[in-house]
Amino acid sequence: MANLLRQNILAKTPTPQDESPLYAKLPGEVRDNIFSYVLTDHPDPTPTKKFKENTCYTRPSYLAAQSTDTRLLRTCRAIYRETWFKPFLLREHTEWATGEDRAPPPHKAPPLLGPMLAKISKSLGIDNVEIEMLRVFAQMYRLHEDGLQEVLRTPHLAPRTITLTIRHTDWWYWEEDEPLHFEGNWIEGVSQVLTPSTTQFCIELESLERKKDQVDKIAKQMADSWFFKRPDGVVLYADTSDANRKVSRWSGSSTWHGQRWIRDETEPHKLDYYIVSVTFRPLISIERSGGSVSQRAIKEAQDPHALGRPKLSLPDYQERIETESPCEWVGDSDDEAGFGGFQQDSDNNEWYAQMEEIYGNGRFMQGLYVGRLE
């Protein structure tokens, strides 16, 4: 088999770029930051690629199919040598441990991760393929069915940072406005499949703005009592100091699946969301950054006979909105009609097509992608 285009490019010495400010004036670290910024994936701005507003999966940073602008790699051999691997490394890979109606349909979803990892592993002769970021959207019932564990069991997958996002509609009995609660019986199984590459595990808790106090209390209980113990013995704890507490807000449509949730609206057709992020890291990393860790979590992590992580719950007297009609039917949902970018029979390999133009001959990263991913 002829050498791959990438190998041919890297085999030749690049022409000195002495007249380019990128090489003549900037240190390599600064140049790398610039290149990483340019090659980081982003929602595709093309109007036909955008998701419609009335879907469960449309949210900040998830407004359209993700895209990576790879024109930088075509600039010159010197830049290619420094950046050819970055589109894959920097991409935030996304998976959904949800019902089919809570995630983009296959023709809207990101490229399949498993086949790509298998080809990378085989081509490079390595077992685990490290990726920078893995985000998993999960409904509570799928967590309890080992949905996240199944994702992390993907052969060769070794994410450095895992983000688990629990959306407003992912909580148990959100339709009845039940008080928030979060079982911890899924953590042990997930911990058993973590690789040494994972040094951050972030859990994002989203609910309605009016449930802010409930989210805050669940997040505090989580930081005080939950931890993730990797198979190599390293424990990831939550930093209980204020520095670890990240809060964000956004507003979105009150309509999805053809139902308008008037009970929760803050203004016509809008819901306000509140999100708290809790990040788990190794103890030494937290201490070096001046943070603190719950002694309860440390004690339980060191106890081989400790029971599983506790359930996070609130007293039953939490304020609820009692109504016989929390929502109204407004007609057909935009869920299936809200995306015009890819045809129904597409595997969403447009991103790979861009890579093919660069790496040549239908092959991606040392022959990692050949033909269609299925």
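The values are calculated or read from the model by the stated rules, or taken from the named source; none is laboratory data. No experiment lies behind these values; they were computed from the predicted model shown. Virtual Cβ from ideal backbone geometry, glycine too; neighbours counted across all protein chains shown.
Overview of values
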| quantity | calculated |
| --- | --- |
| Residue satisfying all of: in the range 42-90; modelled with pLDDT of 85 or more and of a type in the set (Phe, Trp, Tyr); nearest to the chain's Cα centre (by Cα) among these | 62 |
| Positions within the range 254-302 being closer than 14 Å to residue 207 by Cα and either among the aliphatic types (A, V, I, L, M) or under 22 Å from the mean Cα position of the chain (by Cα) (or both), in sequence order | 271, 272, 273, 274, 275, 276, 277 |
| Residue satisfying all of: in the range 22-56; in contact with a Pro (Cβ under 9 Å, 6 or more places away or on another chain) and in a helix (DSSP H, G or I); surrounded by the most Cβ atoms within 10 Å (Cβ to Cβ) among these | 39 |
| Answer from 223, 219 - the residue that is within 21 Å of residue 318 (Cβ to Cβ), assigned to a helix (DSSP H, G or I), at pLDDT 95 or above and under 20 Å from the mean Cα position of the chain (by Cα) | 219 |
| Unique residue being out of contact with any helix residue (DSSP H, G or I) (no Cβ under 6 Å at 6 or more places or on another chain), more than 24 Å from residue 45 (Cβ to Cβ), buried (at least 17 other Cβ atoms within 10 Å of the Cβ) and in contact (Cβ under 8 Å) with a residue 40 or more places away in the chain when the list is 102, 91 | 102 |
| Filter pass, residue 262 being farther than 19 Å from residue 187 by Cα, of a type in the set (Val, Ile, Thr), buried (at least 17 other Cβ atoms within 10 Å of the Cβ) and at pLDDT 95 or above | no |
| So residue 350, is it surrounded by fewer than 17 Cβ atoms within 10 Å (Cβ to Cβ), of a type in the set (D, E, K, R) and modelled with pLDDT under 90 | yes |
| All positions within the range 253-301 that are charged (D, E, K, R), without any contact (Cβ under 8 Å) to a residue 60 or more places away in the chain and not in a strand (DSSP E or B) | 265, 287, 288, 299 |
| Failed item, numbered, when residue 68 is tested on (1) surrounded by 14 or more Cβ atoms within 10 Å (Cβ to Cβ); (2) polar (S, T, N, Q); (3) more than 27 Å from residue 252 (Cα to Cα) | (3) |
